[in-house]
Amino acid sequence: MGNEKPKLKVIIIPPTRQPLKKVGIHCRVSTTHESQDDSLDIQIKTLKQYVAYSPKWELCEVYTDKDSGGNVFRPGFQKMIFDCYENRINIVLVKTISRFARNTVDLLETVSRLKGLGVEIIFHQENLRTCEADNDILISALSAIAQAESESMGEVIKWGLKRGFLSGNSKLYSRKCFGYKHNEYGELIIDEGQAEVVRTIFDLYLSGLSVLLIIRELVKRKMKSPQGNDRWSKHAIQRILTNEKYIGRVLLGKTCTGDFPNNKQQKNDGGQDQFLMKNAHEPILAKRNKNYSSLLMEKYTEIRSPYVQSLVCLILGFRGEEKIIPWMVDRFYEMKKLYPDESYDQGPLLALHELNSRLYGK
């Protein structure tokens, strides 16, 4: 009996429950225009359904960007990368290769970084996964094709815009600005109420007033800003003083886009063509006054005293700023309120007032 074999017994070991994979969805549209909202919603809806059909996946977050593919800083994309480093997501799900990175180099660099973190990228439209080694070459090739298509599309758009500029049919020639409105045909016509403000600004400027004094005069006359406010900004005055539309001309091509992939809008400093249409519409400023034309043909520089640059605030470090003297005067009166029993020499204050008056007319 001692040689009896032990009775066989089979124990069932249940499978270890694997944690769900945390998925982050990234979607991007190329512009911030409202018409792109539908495209973004469709991307999100499609990819959410894809996650829902996978029982081993759990949707963690949706990251979105509304910008140009040339924009280096994409907040949604950057947050997604940060969450990958923080181990908050294991899988990145995107619609297509062309929506994920700006160019082939950026794509391969991002794929490599996330692979090192153990994060997989899935391209839904191409049905490609970065965890599969055989897909590396294919992903690189498809990315290069997408980049070439993007560059080609950009050139087609530029050519179309240029053709519209040359023919004079571009709608940009009749883009509305302060002082004008559209008639029933979409043409620019003078808005007399706003035009009177424009003429006043030019007259005041040509009389020798600084921009800040012009603002003071406009407020005094209760003339509204382009936004309909009682207060005017320095920038608003400068824009009006440099707008060639007020003498009946329209200049297109003031800005241009850089070379791929940095397709950012930037000032055209002569590197690309510009297009000037004369007699495009009725001018607000009288043609007989050559001062208006000469002012608009020159680069705007604010009239100021040659002695302004000699002023330096030893406390704040400002140089040549109209805020220096008013700040010092205000500070003087603040000190008097805080310490009313102290006696102060009025001489420097009177000198500041005199200097303020001579330099700025205040």
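What residue, among those in the stretch 186-224 that are β-branched (Val, Ile, Thr) and closer than 24 Å to residue 249 by Cβ, is surrounded by the most Cβ atoms within 10 Å (Cβ to Cβ)?
Taking the stretch 186-224 as the starting set, the residues that turn out to be β-branched (Val, Ile, Thr) are 189-190, 197-198, 200-201, 211, 214-215, 219.
Narrowing the set further to residues that are closer than 24 Å to residue 249 by Cβ leaves 189-190, 197-198, 200-201, 211, 214.
Working: 189: 13, 190: 17, 197: 20, 198: 23, 200: 15, 201: 25, 211: 23, 214: 22.
The selected residue is 201.
Given (1) surrounded by 15 or more Cβ atoms within 10 Å (Cβ to Cβ); (2) within 25 Å of residue 277 (Cβ to Cβ); (3) modelled with pLDDT of 85 or more, identify the lone condition not met by residue 183.
(1)
Can you give me the ranges of the strands (runs of 3 or more DSSP E) entirely in the stretch 1-117 with at least 2 residues that are of a type outside the set (S, T, N, Q) and at pLDDT below 90?
So the answer is 21-29, 57-66.
The values are calculated or read from the model by the stated rules, or taken from the named source; none is laboratory data. Because the structure is predicted, anything quoted here is derived from the model rather than measured. Don't worry about glycine lacking a Cβ; one is built from the backbone with ideal geometry, like all the others, and counts go over all protein chains shown.
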